[in-house]
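Here is the structure we will look at, set down as structure tokens.
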Amino acid sequence: MVNKFLLKEFGARIRYLRTQEQLSQEQLSFKTGFHRTYIGMIERGERNISLTNIAVFSKAFEMDISDLVNFKNQNPKLNHQDYELKTDN
């Protein structure tokens, strides 16, 4: 099971970048090839996302993948424990 915190942080990052570029979800869907509702679910942290789809977002925003997933610049109080994956044991 994936840590919901991580999904919400990534979704917030996508929403922030989209709004900074003054793009609607529909416009971002044209740039990425993803359905608008999928983008909304990502932004709300409701969907897990594959590495290949992260790469598509990084290309759409013209940034390196490492910059796209670097949340520490947004919130310096975060640490590796915030990103631990939770598993069912």
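For this structure, a couple of remarks:
- Inter-residue pairs, beta-carbon under 9 Å, first part of a loop (DSSP other than H, G, I, E, B) and in the range 62-77, second at pLDDT below 60 and of a type in the set (Phe, Trp, Tyr), 6+ apart: 71/83
- Unique match (being at pLDDT 95 or above, touching a helix residue (DSSP H, G or I) at 6+ places or on another chain (Cβ under 8 Å) and not in a helix (DSSP H, G or I)) among 57, 34: 34
- For the range 33-57, a residue qualifies if it is of a type in the set (Val, Ile, Thr) and over 19 Å from residue 9 (Cβ atoms), and the qualifying residues are 37, 52.
- Residue identified as touching a Lys or Arg at 6+ places or on another chain (Cβ under 6 Å) and either hydrophobic (A, V, I, L, M, F, W, C) or not in a helix (DSSP H, G or I) (or both) among 28, 23, 17: 28
The values are calculated or read from the model by the stated rules, or taken from the named source; none is laboratory data. Predicted, not measured: the structure shown is a model, and the values here were computed from it. All Cβ positions, glycine included, derive from the backbone under ideal geometry; neighbour counts span all protein chains shown.
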